[in-house]
Amino acid sequence: MTVSARPTTLKLPVLETKLYPPKWSAERVSRPRLIKRIHPQRKLTLVSAPAGFGKTTLIAEWAAAVPTQPIAWVSLDQSDNDPAVFWTYLIAALQTIQPSLGEQSLSFVQSSQPPEIEAILMTLLNELTIIEGDVALVLDDYHVIETQAIHDGIGFFLSHLPPQVHLIIASRADPPLSLARLRSHGDLTELRVSDLRFTPDEAAAFLSQGMGLEISAGDVAALEQRTEGWIAGLQLAALSLQGREDISDFVAAFSGDDR
(Lines give C-alpha, C1' and ligand atoms only; values in the text may rest on other atoms or scores of the structure.)
Protein backbone atom coordinates (compact mmCIF):
# COMPACT_ATOMS: atom_id res chain seq x y z
CA MET A 1 0.00 0.00 0.00
CA THR A 2 1.35 3.40 -0.99
CA VAL A 3 1.01 6.14 1.61
CA SER A 4 1.00 9.65 0.18
CA ALA A 5 3.25 12.09 1.92
CA ARG A 6 1.54 14.88 3.84
CA PRO A 7 2.52 18.43 2.85
CA THR A 8 5.18 19.81 5.13
CA THR A 9 5.00 23.26 6.69
CA LEU A 10 7.82 25.65 5.90
CA LYS A 11 8.25 28.04 8.81
CA LEU A 12 9.05 31.43 7.26
CA PRO A 13 10.95 33.82 9.55
CA VAL A 14 9.24 37.08 10.47
CA LEU A 15 11.11 40.29 11.25
CA GLU A 16 9.12 41.53 14.24
CA THR A 17 10.12 45.18 13.81
CA LYS A 18 8.10 45.32 10.57
CA LEU A 19 5.00 44.78 12.70
CA TYR A 20 5.59 47.73 15.04
CA PRO A 21 3.46 50.83 14.38
CA PRO A 22 5.64 53.97 14.30
CA LYS A 23 5.35 56.02 17.46
CA TRP A 24 3.71 59.40 17.05
CA SER A 25 5.10 62.21 19.20
CA ALA A 26 3.03 65.12 20.45
CA GLU A 27 5.95 67.32 19.35
CA ARG A 28 4.88 66.76 15.74
CA VAL A 29 2.28 68.90 14.01
CA SER A 30 -1.12 67.42 14.79
CA ARG A 31 -3.56 67.09 11.89
CA PRO A 32 -7.04 66.69 13.38
CA ARG A 33 -8.74 67.77 10.14
CA LEU A 34 -7.34 64.62 8.48
CA ILE A 35 -7.60 62.29 11.48
CA LYS A 36 -11.38 62.66 11.57
CA ARG A 37 -11.60 61.62 7.91
CA ILE A 38 -10.25 58.12 8.57
CA HIS A 39 -13.44 56.08 8.91
CA PRO A 40 -13.10 52.62 10.47
CA GLN A 41 -16.64 51.95 9.24
CA ARG A 42 -15.46 51.82 5.62
CA LYS A 43 -13.65 48.86 4.10
CA LEU A 44 -10.64 50.82 2.82
CA THR A 45 -8.86 54.04 3.65
CA LEU A 46 -6.31 54.88 0.95
CA VAL A 47 -3.61 57.44 1.74
CA SER A 48 -1.95 58.02 -1.63
CA ALA A 49 0.74 60.62 -2.32
CA PRO A 50 4.42 60.83 -3.36
CA ALA A 51 7.23 60.61 -0.82
CA GLY A 52 7.47 63.31 1.81
CA PHE A 53 3.79 64.10 2.36
CA GLY A 54 3.54 62.52 5.81
CA LYS A 55 1.43 59.46 5.00
CA THR A 56 2.94 57.17 7.64
CA THR A 57 3.05 59.95 10.24
CA LEU A 58 -0.63 60.70 9.69
CA ILE A 59 -1.67 57.08 10.18
CA ALA A 60 0.57 56.84 13.26
CA GLU A 61 -1.18 59.90 14.73
CA TRP A 62 -4.57 58.35 14.00
CA ALA A 63 -3.46 55.16 15.76
CA ALA A 64 -2.33 57.20 18.77
CA ALA A 65 -5.67 59.03 18.80
CA VAL A 66 -7.64 55.76 19.11
CA PRO A 67 -5.69 53.87 21.82
CA THR A 68 -8.50 51.37 22.38
CA GLN A 69 -8.66 50.44 18.68
CA PRO A 70 -6.76 47.18 17.95
CA ILE A 71 -4.37 47.92 15.07
CA ALA A 72 -2.30 45.43 13.07
CA TRP A 73 0.56 47.04 11.16
CA VAL A 74 2.91 45.84 8.40
CA SER A 75 5.73 48.00 7.02
CA LEU A 76 6.21 46.48 3.57
CA ASP A 77 9.43 46.24 1.55
CA GLN A 78 10.60 44.65 -1.70
CA SER A 79 11.05 41.22 -0.13
CA ASP A 80 7.29 41.04 0.43
CA ASN A 81 6.62 40.55 -3.29
CA ASP A 82 6.68 36.80 -2.67
CA PRO A 83 3.00 35.92 -1.97
CA ALA A 84 3.93 33.45 0.79
CA VAL A 85 6.03 36.11 2.52
CA PHE A 86 3.37 38.81 2.05
CA TRP A 87 0.53 36.77 3.53
CA THR A 88 2.76 35.46 6.31
CA TYR A 89 3.44 39.04 7.41
CA LEU A 90 -0.20 40.06 7.08
CA ILE A 91 -1.34 37.17 9.26
CA ALA A 92 1.54 37.75 11.70
CA ALA A 93 0.36 41.35 12.05
CA LEU A 94 -3.17 40.18 12.84
CA GLN A 95 -1.73 37.81 15.43
CA THR A 96 -0.31 40.80 17.34
CA ILE A 97 -3.96 41.52 18.14
CA GLN A 98 -4.98 37.93 18.88
CA PRO A 99 -2.20 35.28 18.86
CA SER A 100 -4.42 32.42 17.71
CA LEU A 101 -5.88 34.40 14.82
CA GLY A 102 -5.17 32.98 11.37
CA GLU A 103 -3.45 29.79 12.55
CA GLN A 104 -5.14 27.59 9.96
CA SER A 105 -4.65 30.00 7.05
CA LEU A 106 -1.01 30.53 8.04
CA SER A 107 -0.40 26.78 7.98
CA PHE A 108 -1.82 26.73 4.43
CA VAL A 109 0.34 29.68 3.33
CA GLN A 110 3.49 28.01 4.62
CA SER A 111 2.66 24.55 3.32
CA SER A 112 4.99 22.99 0.77
CA GLN A 113 1.86 22.28 -1.33
CA PRO A 114 -0.38 25.31 -0.59
CA PRO A 115 -3.95 25.36 -1.92
CA GLU A 116 -5.20 28.10 -4.25
CA ILE A 117 -4.94 31.58 -2.73
CA GLU A 118 -8.72 32.05 -2.69
CA ALA A 119 -9.10 28.94 -0.54
CA ILE A 120 -6.47 30.31 1.86
CA LEU A 121 -8.16 33.70 1.98
CA MET A 122 -11.60 32.19 2.55
CA THR A 123 -10.12 30.39 5.55
CA LEU A 124 -8.54 33.62 6.81
CA LEU A 125 -11.74 35.61 6.30
CA ASN A 126 -13.72 32.99 8.21
CA GLU A 127 -11.17 33.19 11.02
CA LEU A 128 -11.57 36.99 11.11
CA THR A 129 -15.31 36.72 11.72
CA ILE A 130 -14.64 35.68 15.34
CA ILE A 131 -13.08 39.07 16.13
CA GLU A 132 -15.19 41.13 18.51
CA GLY A 133 -15.09 44.87 17.92
CA ASP A 134 -13.46 46.90 15.17
CA VAL A 135 -9.94 46.09 13.98
CA ALA A 136 -7.71 48.10 11.62
CA LEU A 137 -5.06 46.51 9.41
CA VAL A 138 -2.43 48.92 8.07
CA LEU A 139 -0.31 48.11 5.00
CA ASP A 140 2.35 50.81 4.84
CA ASP A 141 4.46 51.46 1.71
CA TYR A 142 2.16 49.31 -0.43
CA HIS A 143 3.72 50.84 -3.58
CA VAL A 144 6.64 48.37 -3.23
CA ILE A 145 4.28 45.50 -4.08
CA GLU A 146 4.49 44.69 -7.79
CA THR A 147 3.23 41.10 -7.83
CA GLN A 148 -0.18 40.93 -9.49
CA ALA A 149 -1.14 37.79 -7.58
CA ILE A 150 -0.84 39.75 -4.34
CA HIS A 151 -2.98 42.60 -5.71
CA ASP A 152 -5.58 40.05 -6.81
CA GLY A 153 -5.55 38.50 -3.35
CA ILE A 154 -5.98 41.87 -1.63
CA GLY A 155 -8.88 42.61 -4.00
CA PHE A 156 -10.59 39.35 -3.00
CA PHE A 157 -9.78 40.02 0.67
CA LEU A 158 -11.33 43.50 0.48
CA SER A 159 -14.44 42.29 -1.30
CA HIS A 160 -15.23 39.84 1.50
CA LEU A 161 -13.96 41.63 4.62
CA PRO A 162 -16.06 41.12 7.73
CA PRO A 163 -17.70 44.43 8.73
CA GLN A 164 -15.53 44.83 11.84
CA VAL A 165 -12.25 44.74 9.86
CA HIS A 166 -10.96 47.93 8.21
CA LEU A 167 -7.98 48.10 5.81
CA ILE A 168 -5.69 51.17 5.61
CA ILE A 169 -3.22 51.37 2.73
CA ALA A 170 -0.46 53.99 2.50
CA SER A 171 1.18 54.16 -0.92
CA ARG A 172 3.09 56.48 -3.24
CA ALA A 173 0.80 55.39 -6.09
CA ASP A 174 -2.73 54.05 -6.34
CA PRO A 175 -2.78 50.26 -5.98
CA PRO A 176 -4.33 48.29 -8.87
CA LEU A 177 -7.54 47.55 -6.96
CA SER A 178 -11.19 48.16 -7.87
CA LEU A 179 -11.20 51.64 -6.36
CA ALA A 180 -14.08 52.85 -8.54
CA ARG A 181 -16.31 50.03 -7.28
CA LEU A 182 -15.36 50.69 -3.67
CA ARG A 183 -15.96 54.40 -4.21
CA SER A 184 -19.38 53.86 -5.75
CA HIS A 185 -20.43 51.60 -2.86
CA GLY A 186 -19.31 54.12 -0.25
CA ASP A 187 -16.58 51.74 0.98
CA LEU A 188 -13.58 53.99 0.25
CA THR A 189 -12.00 56.94 2.04
CA GLU A 190 -9.29 58.73 0.04
CA LEU A 191 -6.61 61.11 1.29
CA ARG A 192 -4.44 62.50 -1.48
CA VAL A 193 -1.81 65.17 -2.16
CA SER A 194 -4.33 68.01 -2.00
CA ASP A 195 -5.45 66.80 1.44
CA LEU A 196 -1.96 66.08 2.82
CA ARG A 197 -0.34 69.39 1.91
CA PHE A 198 0.37 71.53 4.96
CA THR A 199 -2.02 74.44 5.36
CA PRO A 200 -0.44 77.82 6.23
CA ASP A 201 -1.24 77.24 9.91
CA GLU A 202 0.28 73.76 9.84
CA ALA A 203 3.36 75.08 8.06
CA ALA A 204 3.76 77.78 10.71
CA ALA A 205 3.46 75.21 13.52
CA PHE A 206 5.95 72.91 11.80
CA LEU A 207 8.57 75.61 11.26
CA SER A 208 8.30 77.12 14.74
CA GLN A 209 7.53 74.12 16.96
CA GLY A 210 8.98 71.27 14.93
CA MET A 211 12.07 72.98 13.53
CA GLY A 212 12.60 75.65 16.22
CA LEU A 213 12.73 78.59 13.84
CA GLU A 214 11.79 82.15 14.70
CA ILE A 215 10.26 83.17 11.42
CA SER A 216 7.80 85.86 10.42
CA ALA A 217 4.30 85.14 9.20
CA GLY A 218 5.22 86.55 5.79
CA ASP A 219 8.22 84.25 5.46
CA VAL A 220 6.13 81.26 6.55
CA ALA A 221 3.53 82.09 3.91
CA ALA A 222 6.22 82.43 1.24
CA LEU A 223 7.80 79.07 2.09
CA GLU A 224 4.42 77.34 2.26
CA GLN A 225 3.49 78.73 -1.14
CA ARG A 226 6.80 77.90 -2.81
CA THR A 227 6.93 74.34 -1.48
CA GLU A 228 3.18 73.95 -2.20
CA GLY A 229 2.72 72.53 1.31
CA TRP A 230 5.09 69.62 0.61
CA ILE A 231 6.25 68.60 4.07
CA ALA A 232 9.65 67.26 2.99
CA GLY A 233 10.30 70.47 1.03
CA LEU A 234 9.48 72.59 4.06
CA GLN A 235 11.78 70.45 6.18
CA LEU A 236 14.67 70.83 3.73
CA ALA A 237 14.13 74.58 3.60
CA ALA A 238 14.02 74.73 7.40
CA LEU A 239 17.27 72.77 7.67
CA SER A 240 18.90 75.26 5.31
CA LEU A 241 17.68 78.08 7.57
CA GLN A 242 19.23 76.67 10.74
CA GLY A 243 21.72 79.15 12.18
CA ARG A 244 21.06 81.82 9.53
CA GLU A 245 20.51 85.44 10.44
CA ASP A 246 19.36 86.45 6.96
CA ILE A 247 16.17 84.38 7.04
CA SER A 248 14.09 86.83 5.02
CA ASP A 249 16.80 87.14 2.35
CA PHE A 250 17.02 83.34 2.07
CA VAL A 251 13.26 82.98 1.81
CA ALA A 252 13.08 85.69 -0.83
CA ALA A 253 15.64 83.81 -2.94
CA PHE A 254 14.20 80.36 -2.26
CA SER A 255 12.34 78.57 -5.06
CA GLY A 256 10.61 75.22 -5.36
CA ASP A 257 13.48 73.75 -7.38
CA ASP A 258 16.22 75.08 -5.09
CA ARG A 259 18.81 72.36 -4.45
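The values are calculated or read from the model by the stated rules, or taken from the named source; none is laboratory data. Every value quoted in this text rests on a predicted model; they were computed, and no experiment measured them. Glycine gets a Cβ as well: all are built from the backbone with ideal geometry, and neighbour counts include every protein chain shown. Quick note on the areas: whole protein, heavy atoms, side chains included, nothing else; ligands and nucleic acids left out. Shrake-Rupley method; radii C 1.70, N 1.55, O 1.52, S 1.80 Å.
Quick rundown of the values:
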| item | result |
| --- | --- |
| The chain: relative contact order as a whole-number percent, Cα under 8 Å and 6+ apart | 26 |
| Net charge of neighbours whose Cβ lies under 13 Å from the Cβ of Ser178, counting Lys and Arg as +1 and Asp and Glu as -1 | 0 |
| Percent of Cα-Cα distances greater than 25 Å, calculated over the stretch 1-129 | 37 |
| Lys, Arg +1 and Asp, Glu -1 on Cβ, resulting dipole of the chain about Cα centre, debye, nearest 20 | 520 |
| D_trans [Stokes-Einstein, Kirkwood Rh over alpha-carbon pairs] for the chain, 20 °C, 1.002 mPa s, µm² s⁻¹ | 106 |
| Helix-only [θ]222 nm of the chain, DSSP H runs n ≥ 4, -39500 (n - 2.57) each, per residue, nearest 500 | -11000 deg cm²/dmol |
| Inverse of mean 1/r across different Cα pairs in the stretch 71-206, Kirkwood, Å | 16.1 |
| The stretch 137-212: translational diffusion in µm²/s, Stokes-Einstein, Kirkwood Rh over Cα pairs, 20 °C, 1.002 mPa s | 145 |
| Charged-residue dipole, Cβ positions (Lys, Arg, Asp, Glu), the stretch 160-226 about Cα centre, Debye nearest 20 | 380 |
| Dipole of the chain, positive end: most advanced residue of Met122, Ser248, Gln69 [Cβ charges, Cα centre] | Met122 |
| Stretchable slack from Ala84 to Phe156, in nm (0.36 nm times residue separation minus alpha-carbon distance) | 24.3 nm |
| Cα extents of the stretch 105-156 along the three principal axes, largest first (Å) | 33, 29, 17 |
| For the chain, accessible area per residue (1.4 Å probe, heavy atoms of protein chains only), Å² | 51 |
| Radius, Kirkwood style, for the stretch 58-140 when every pair of distinct Cα atoms is counted (Å) | 13.6 |
| Percent carbon-and-sulfur accessible area, the stretch 144-230, ignoring ligands, DNA and RNA, probe 1.4 Å | 50 |
| Neighbourhood net charge (10 Å Cβ-Cβ; Lys/Arg +1, Asp/Glu -1) for Asp187 | +4 |
| Square roots of five times the Cα gyration tensor eigenvalues for the stretch 201-259, Å | 14, 13, 11 |
